[in-house]
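A.B. asks: Structure below; questions to follow.
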Amino acid sequence: MDGNVNIKLVSFALCPFVQRSVILLDKKRIEYELEYIDLEQPPEWFKRLSPMGKVPLMLVGDEVLFESSVILDYLDESYDPRFHPQDTLRRAQHKAWIEFGSALLMTQHGLATATDREAVLEKKQQLEADLGQLTSPLKQGLFGGAGQFSLVDAAYAPLFMRFDRLARFDPIGQVSYPEPVAAWAARLLSLPSVRGSVVDDFSDRYRRFLEQKDAWLVRA
Ligand SMILES: N[C@@H](CCC(=O)N[C@@H](CS)C(=O)NCC(=O)O)C(=O)O
């Protein structure tokens, strides 16, 4: 890959989908520019370039890429070291679990922004059931092992970071994980690339964002 190509990542400071790319860019030591936009009032250039009006948007020179899982694939195929498995079946399985993680992020957003207690409890129950599905691939060692970073790690770390914050905002927000998931989550949250992948005042900003949405979990 041409090391001189300019990479620019367009972000909203709290977006977990963008955070996946930030983690991977750091793991691969790729230089890039990060530009934050206001998703409530996106600039005209962003509206022109982003087909779905969503971040992450990645500019590779003059070329446009979107969808977080596609951006992860592109970065992995273009820059060493490779973090996706070589084996095609294993790689496909990793991609499938990354999709599963994207659905979890959407449900988590529903939990975080729920405006009444019943909705919080309903989303929490759904998330706990979904997180239970991760037990089997983790036990099989499909991903999540210590010392073997994969794109699945980059895809799930933002999820676990937000679960951690939601539990601190209100104990009702504490989502329980089965043991192998808890161990994986703790390992991911200790990685320097994960810790450094959000703005310094992430917790405060996340709380303010949820307050603006009148979310139950941040109601005093
Ligand atoms: N499937 C997309 C989801 C990205 C996404 O939902 N981004 C949110 C911010 S975290 C967004 O841009 N929302 C703006 C909108 O939906 O208008 C991906 O994986 O990249």
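The values are calculated or read from the model by the stated rules, or taken from the named source; none is laboratory data. Since we're looking at a predicted model, the values are computed, not measured. Please note: Cβ atoms are built from the backbone with ideal geometry, for glycine as well, and neighbour counts cover all protein chains shown.
A.B. asks: Regarding F143, is this residue out of contact with any strand residue (DSSP E or B) (no Cβ under 6 Å at 6 or more places or on another chain) and assigned to a loop (DSSP other than H, G, I, E, B)? First the steps, then the outcome.
C.D. replies: Numbers: out of contact with any strand residue (DSSP E or B) (no Cβ under 6 Å at 6 or more places or on another chain): yes; assigned to a loop (DSSP other than H, G, I, E, B): yes.
Spelling it out, F143 is indeed out of contact with any strand residue (DSSP E or B) (no Cβ under 6 Å at 6 or more places or on another chain) and assigned to a loop (DSSP other than H, G, I, E, B).
A.B. asks: With of a type in the set (F, W, Y) and under 29 Å from P85 (Cα atoms) as the only criterion, which of F209, F169, F143 stands out? Reasoning before the result, please.
C.D. replies: Details: F209 fails: under 29 Å from P85 (Cα atoms); F169 fails: under 29 Å from P85 (Cα atoms).
Going through F209, F169, F143 in turn, just one is of a type in the set (F, W, Y) and under 29 Å from P85 (Cα atoms): F143.
A.B. asks: Pick out the one residue from D38, D26 that is exposed (fewer than 14 other Cβ atoms within 10 Å of the Cβ) and among the charged types (D, E, K, R). Before you say what the answer is, go through the steps one by one.
C.D. replies: Numbers: D26 fails: exposed (fewer than 14 other Cβ atoms within 10 Å of the Cβ).
Going through D38, D26 in turn, just one is exposed (fewer than 14 other Cβ atoms within 10 Å of the Cβ) and among the charged types (D, E, K, R): D38.
A.B. asks: Here's another thing I want to ask about it. Being among the aliphatic types (A, V, I, L, M), under 20 Å from G144 (Cβ atoms) and surrounded by 16 or more Cβ atoms within 10 Å (Cβ to Cβ) narrows it down to one residue among L72, L57; which is it?
C.D. replies: L72 is the lone residue from the list that is among the aliphatic types (A, V, I, L, M), under 20 Å from G144 (Cβ atoms) and surrounded by 16 or more Cβ atoms within 10 Å (Cβ to Cβ).
A.B. asks: Mind checking which residues of the stretch 50-89 are in a helix (DSSP H, G or I), within 15 Å of the ligand (Cβ to nearest atom) and either hydrophobic (A, V, I, L, M, F, W, C) or modelled with pLDDT under 95 (or both)?
C.D. replies: If the condition is that a residue be in a helix (DSSP H, G or I), within 15 Å of the ligand (Cβ to nearest atom) and either hydrophobic (A, V, I, L, M, F, W, C) or modelled with pLDDT under 95 (or both), then V70, I71, L72, L75 are the ones that fit.
A.B. asks: Any idea which of V120, V152, V181 is within 16 Å of the ligand (Cβ to nearest atom) and either touching a residue at least 24 places away in the same chain (Cβ under 8 Å) or not in a helix (DSSP H, G or I) (or both)? Write out each step before concluding.
C.D. replies: Working: V120 fails: within 16 Å of the ligand (Cβ to nearest atom); V181 fails: within 16 Å of the ligand (Cβ to nearest atom).
The conditions single out V152.
A.B. asks: Take D201 and decide whether it is more than 23 Å from M106 (Cβ to Cβ) and of a type outside the set (G, A, S). Even if it seems obvious, please write down each step before you answer.
C.D. replies: On the way: more than 23 Å from M106 (Cβ to Cβ): yes; of a type outside the set (G, A, S): yes.
So D201 passes the test.
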